[in-house]
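The values are calculated or read from the model by the stated rules, or taken from the named source; none is laboratory data. Keep in mind that this is a model prediction, so the values were computed, not measured. Quick reminder, even Gly has a Cβ in these numbers, built from the backbone with ideal geometry, and neighbours come from all protein chains shown.
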Amino acid sequence: QVQLVESGGGLVQPGGSLRLSCTASGSIFTINNMGWYRQAPGKQRELVAAATSDGSTNYADSVKGRFTISRDNAKNTVYLQMNSLKPEDTAVYYCNADIRRTPWSGGMDYWGKGTLVTVSS
């Protein structure tokens with residue numbers, strides 16, 4: 001069993017900051033990519049940011065310069081530091097990880113249950 005648990009969502013005013021965390025636990029051999037997606041009401045889920053195990057990152061154009069993704073591989077944890085938040089950042093944020101459970105298995109996608117971020121005055 002593998003579980004991803006997110007934390008850190010909440011209500012923040014425009015221009016404010018939040019930091020999301022996601023920790024993977026369970027039967028894990030290694031984690032390849034980890035990332036954050038979001039889904040706003042009435043919209044499709046979209047990639048926000050992703051990080052490889054060696055530290056390479058990529059971001060959606062809409063968050064570049066405002067959000068920073070980072071990983072602590074020893075803790076199987078990925079973070080998303082969100083600054084200069086805008087109302088359009090309001091969404092449920094989901095953690096995603098590509099996890100190998102044994103040395104002989106390929107990677108499988110796992111998702112957290114999501115954490116709500118609301119940006120409003």
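If I filter the stretch 1-25 down to residues being of a type in the set (Gly, Ala, Ser) and in a strand (DSSP E or B), which single residue comes out as nearest to the chain's Cα centre (by Cα)? In this case the residue turns out to be Ser21.
The rows are residues; the columns are (1) of a type in the set (A, V, I, L, M, F, W, C); (2) surrounded by 14 or more Cβ atoms within 10 Å (Cβ to Cβ).
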{"position": "Arg66", "(1), (2)": "no, yes"}
{"position": "Ala74", "(1), (2)": "yes, no"}
{"position": "Gly106", "(1), (2)": "no, no"}
{"position": "Gly114", "(1), (2)": "no, yes"}
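Picking from residues in the stretch 27-39 that are part of a strand (DSSP E or B) and of a type in the set (Ser, Thr, Tyr), the one that is surrounded by the fewest Cβ atoms within 10 Å (Cβ to Cβ) is Thr30.
Scanning the stretch 73-84 for residues that are among the aromatic types (Phe, Trp, Tyr) and in contact with a helix residue (DSSP H, G or I) (Cβ under 9 Å, 6 or more places away or on another chain) yields a total of 0. Scoring Gly42 on the criteria (1) touching a residue at least 12 places away in the same chain (Cβ under 8 Å); (2) not in a strand (DSSP E or B) leaves a single failure, condition (1).
Within the stretch 85-102, track down each residue that is hydroxyl-bearing (Ser, Thr, Tyr) and either surrounded by 14 or more Cβ atoms within 10 Å (Cβ to Cβ) or in contact with a helix residue (DSSP H, G or I) (Cβ under 6 Å, 6 or more places away or on another chain) (or both). Correct list: Thr90, Tyr93, Tyr94.
Among the residues of the stretch 57-73, at least one is among the basic types (Lys, Arg), more than 19 Å from Lys113 (Cβ to Cβ) and in contact with a strand residue (DSSP E or B) (Cβ under 6 Å, 6 or more places away or on another chain).
Looking at the structure I just gave you, is Thr77 out of contact with any Asp or Glu (no Cβ under 6 Å at 6 or more places or on another chain), closer than 21 Å to Gly26 by Cβ and modelled with pLDDT under 95? No; evaluated as a whole, the condition is false for this residue.
Yes/no matrix, rows are residues, columns are (1) hydroxyl-bearing (Ser, Thr, Tyr); (2) without any contact (Cβ under 8 Å) to a residue 40 or more places away in the chain:
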{"site": "Trp36", "(1), (2)": "no, no"}
{"site": "Ser53", "(1), (2)": "yes, yes"}
{"site": "Lys64", "(1), (2)": "no, yes"}
{"site": "Phe67", "(1), (2)": "no, yes"}
{"site": "Asn73", "(1), (2)": "no, no"}
{"site": "Pro103", "(1), (2)": "no, no"}
{"site": "Lys113", "(1), (2)": "no, no"}
